[in-house]
Amino acid sequence: MIDTKHRIIFDAEKCVGCKLCYKACFVDVIRWDEEKKQPVFKYVEDCEHCFWCEAICNKGCIQVLPDYESEKLLQTFDRYL
């Protein structure tokens, strides 16, 4: 696993509990807390940065901030030159 600093900013005050972000997340980064009626961002390091959760939230509760630096290709191709 790559050590990342991905972040997802969530504004709980704006959230209306519609579950659209939860349903949009195809990699299971977002879980649902039935008690609080709000999403829980459990596995942020697995986020694919598709931005569906951010785009589908019509209340503007979610902001996805990927850490692109941690995803740079670490392999070099010097041996092929």
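The values are calculated or read from the model by the stated rules, or taken from the named source; none is laboratory data. What you see is a predicted model, and the numbers here were worked out from it, not measured in a lab. Cβ atoms come from the backbone with ideal geometry, glycine included; neighbour counts cover every protein chain shown.
Structure summary
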quantity: Subset of the range 1-58 [of a type in the set (Asp, Glu), closer than 24 Å to Glu69 by Cβ and modelled with pLDDT of 95 or more]; calculated: Glu54
quantity: So Glu35, is it over 10 Å from the mean Cα position of the chain (by Cα) and over 14 Å from Cys61 (Cα atoms); calculated: yes
quantity: Pair list, Cβ under 6 Å, 6 or more apart: the range 28-52 residue on the phi > 0 side of the Ramachandran plot, other residue exposed (fewer than 13 other Cβ atoms within 10 Å of the Cβ) and part of a strand (DSSP E or B); calculated: none
quantity: Identity of the residue in the range 1-23, in contact with a strand residue (DSSP E or B) (Cβ under 8 Å, 6 or more places away or on another chain) and not in a loop (DSSP other than H, G, I, E, B), that ends up surrounded by the fewest Cβ atoms within 10 Å (Cβ to Cβ); calculated: Ile9
quantity: Tally, over the range 38-61, of residues that are within 10 Å of Leu20 (Cβ to Cβ) and either loosely packed, with under 12 Cβ neighbours inside 10 Å or under 8 Å from the mean Cα position of the chain (by Cα) (or both); calculated: 2
